[in-house]
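Here the structure comes first, spelled out in structure tokens, and everything after it is commentary.
The values are calculated or read from the model by the stated rules, or taken from the named source; none is laboratory data. What you see is a predicted model, and the numbers here were worked out from it, not measured in a lab. Positions of Cβ are generated from backbone atoms using ideal geometry, with glycine treated the same way; all protein chains shown enter the neighbour counts. The area values use the complete protein model at the heavy-atom level, side chains included, leaving out ligands, DNA and RNA. Shrake-Rupley method; radii C 1.70, N 1.55, O 1.52, S 1.80 Å.
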Amino acid sequence: MDGHMGIAEAWYWIMALLLWLYVFTDGFDLGVGFLCLHTDDEAWRDAMTETIDGVWHANQTWLVMLGGVLFGAFPLVYGTVLAALYLPAGLLLFALMARGIGLEYRAESGRKRGWSVLFGIGSVAVALAHGFLLGGILQGMRFDGLRYTGGAFDWFSPFTVLVALTLLFLYAMFGAAWLVLKTDGALQAKARQWGARYGAAAVAMLVIVIGYVALHGNMGYLVGRPGGQGGLSPMFIGLAVAAVLCAALYFQALGKGRDGQPLGWCAVMLAFVFAAFGGSLFPVIVPPGLTAAQAASPAEMLRVMLAVIGGLMPVILFYNAYQYRVFRGKAAPENEIE
């Protein structure tokens, strides 16, 4: 293994860590936005949005950092893949703006219902855009050198629809677990019901996605069976079983009335899901065959970035941890919740 390949592959895993941080932390506040559509009670919505008021900006730090790392470490991916997926990428930008506008304006408006709906619909649109972007990459992309040779709507397929729905239900599961941690009383009881419902839906969708890939003749690279083979690799099966065990412990914690454990098990379950798919793909960064080493910047650039990001990461982690400490505890809405 030469030095360039080694440092490029190290950046592959750094990106995977940043992606996990973003999907988990922004996932639960997107889930809260989605769950706001499940009630018409603005007092409940006040309490739900108050739980994320102090942290949702910080959660999106990981998306900014992920974009910066992609631009610096893997410019080929940033410049060609994102350009090829400009339609779902554009949807993501508009949805992020709509969601932010809805959340900020509802806090100041005397007529909150419209802003609440905008916040909820924006959150759903962000989740679906995430799914179409991720699914569009994972299903494989066709390039001739730096030129994308696929169509403008290749990102829309049965597989990407399954991935988009899976992310939407996962975010709802995370959001419900966050509300269980941050609320009390009737809203917390309702969040436990949402958590059970969307937890079951998310696990079912993950099983369907894995089954779809295992039976699909050309996506074996996602489950450790490259070269058109069917089935699942032993490593993938082991990590998938660990994820299912975490899901079982999540449901057990919900049923036993635990406040913090459901969210913790969500984080661990997501880590195993990432490890299963990321470990199967490694060192490929854009299926079916573009590796991290082929897409990476020169080794000197990667080393400079390693020094910069390596110095920045502890600061961001401390900032985020401090912010969660400041806003720890249950949300305290102005109105009593019945």
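At-a-glance table
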| read-out | value |
| --- | --- |
| Length released on extending from Asp184 to Met301, taking residue separation times 0.36 nm less the Cα-Cα span | 37.2 nm |
| Within straight-line cross-link reach of Lys256, lysines at Cα separation under 29 Å, skipping those fewer than 8 residues along the same chain | Lys182, Lys190, Lys330 |
| Net charge dipole size for the chain [Lys, Arg +1 and Asp, Glu -1 on Cβ; Debye, nearest 20] | 420 |
| At least 24 Å along the helix axis (C-alpha) and Kyte average at least -1.0, DSSP helices within the chain | 3-35, 86-108, 113-138, 158-182, 185-215, 234-255, 261-281, 299-326 |
| The range 188-311 pair-distance distribution - Cα-Cα, 10 Å bins, rounded % | 12, 31, 26, 22, 8, 0 |
| Projected label distance in nm at Leu82 and Leu317, using a 7 Å step from Cα toward the beta-carbon | 2.5 |
| Other-chain or far-sequence residues with amide H under 5 Å of Thr291's (modelled H) | Ile285 |
| Accessible area per residue in Å² at 1.4 Å probe, computed on the chain | 45 |
| The range 1-90, accessible surface, carbon-and-sulfur percent (1.4 angstrom probe) | 70 |
| Exposure rank, largest accessible area first [Asp184, Asp259; 1.4 Å] | Asp184, Asp259 |
| Calculated percent of Cα pairs over 37 Å apart (choose from (1) 12; (2) 18; (3) 24), label | (2) |
| Cα→Cβ-extended label distance, 7 Å offset, between Ile101 and Phe143, nm | 3.5 |
| Of every Cα-Cα pair in the range 151-255, the percent that sits beyond 15 Å | 68 |
| Whole-Å semi-axes of the ellipsoid equivalent to the range 246-335 (Cα gyration tensor, √5λ, descending) | 36, 23, 9 |
| Solvent exposure ordering (accessible area, 1.4 Å, most first) of Met65, Met235 | Met235, Met65 |
| Val117 accessible area, 1.4 Å probe, all protein chains in place, Å² to nearest 10 | 50 |
| Gaussian network model of the chain, springs between alpha carbon atoms under 10 Å - residue of Val213, Val241, Val223 with greatest fluctuation | Val241 |
